[in-house]
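Accompanying notes for the structure given below.
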Amino acid sequence: FISAMNHNVSSANEIVSRLKEGSEHLISMVNGGSSQLSGNAYHAVGTLFTSLVNPVLSKLESATEDIKNDIQVFQSQSLTFNVFNDTIYDEDRLNQLKEIKRQQRAQIGMFNNCLLGDLAKNIAEELFYEGKRLENVAEHYANELKEIEDKLRVLHEFSSSTSHLFQDSLTVFQSAMQG
């Protein structure tokens, strides 16, 4: 996405730059170049390019610069995803995993309490070791839950910091194109 956007902005900059050069050349020819063009039609064209075309081109130039800045913000914000080795950040899937891990952790806690409460009278030592093993598994689930919550936090922070990008540029482009 970033590479494609950079390429598109570069192309847009080149197009706008060429259009500006052509517009300035035309205006200089109409308003007094070495092979000066004259007459009402040429004067009207010069006025059109000076008052309408050049401002639109300046807006487009500004909009492409805004997009370039938005791309840089987007790119720097996307680096937060490098915290984890996962390549997929799907909020629904992460929330589903989070709920599954919570349920598994709760079931282990209930089972552990059952083992320690009812059967502990007869086989306390065996239950103690089984309880420790279950606590380790529950701790593992707690760590997985924390990682999922961290991934969700990264996803939400990224979404929050990038969702507004490109809006101003799009509006300027649309306005310029209508002009």
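All of the numbers you see were taken from the coordinates with simple rules; none came from a lab. Here the structure is a predicted model, which is why all the values come from computation and not from measurement. Please note: Cβ atoms are built from the backbone with ideal geometry, for glycine as well, and neighbour counts cover all protein chains shown.
So here's what we get for this one:
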read-out	value
Lys pairs under 28 Å by Cα in segment 45-179, provided they are eight or more residues apart or on distinct chains	10
Dipole-positive endmost among Y89, S159, S58 within the chain (Cβ charges, Cα centre)	S58
Rounded to whole Hz, the Karplus (6.51, -1.76, 1.60) HN-Hα couplings of segment 141-151, x for glycine and proline	5, 4, 5, 5, 4, 4, 5, 5, 5, 5, 5
Charge tally in the Cβ shell below 13 Å around A63, where Lys, Arg are +1 and Asp, Glu are -1, A63 excluded	-3
Counted charge near S163, where neighbours are those whose Cβ lies closer than 12 Å (Asp, Glu -1; Lys, Arg +1)	-2
Rounded to whole Hz, the Karplus (6.51, -1.76, 1.60) HN-Hα couplings of segment 72-86, x for glycine and proline	5, 5, 4, 5, 5, 5, 5, 5, 5, 6, 6, 4, 10, 7, 5
Cα centroid separation, segment 1-27 to segment 124-169 (Å)	45
Structure-derived Kirkwood radius over Cα pairs in Å - corresponding label in (1) 22.1; (2) 17.9; (3) 18.7	(1)
The chain: relative contact order in percent, alpha carbon pairs under 8 Å with at least 6 residues between	31
Value of relative contact order over segment 1-79, rounded to a whole percent, pairs C-alpha under 8 Å and six or more apart	41
nm² value of the averaged projected area, convex hull over the Cα atoms of segment 1-107	10.2
Vicinal HN-Hα couplings computed from phi for segment 44-53 (Karplus, 6.51 cos²θ - 1.76 cosθ + 1.60; Hz; Gly/Pro x)	5, 5, x, 5, 4, 5, 5, 8, 10, 5
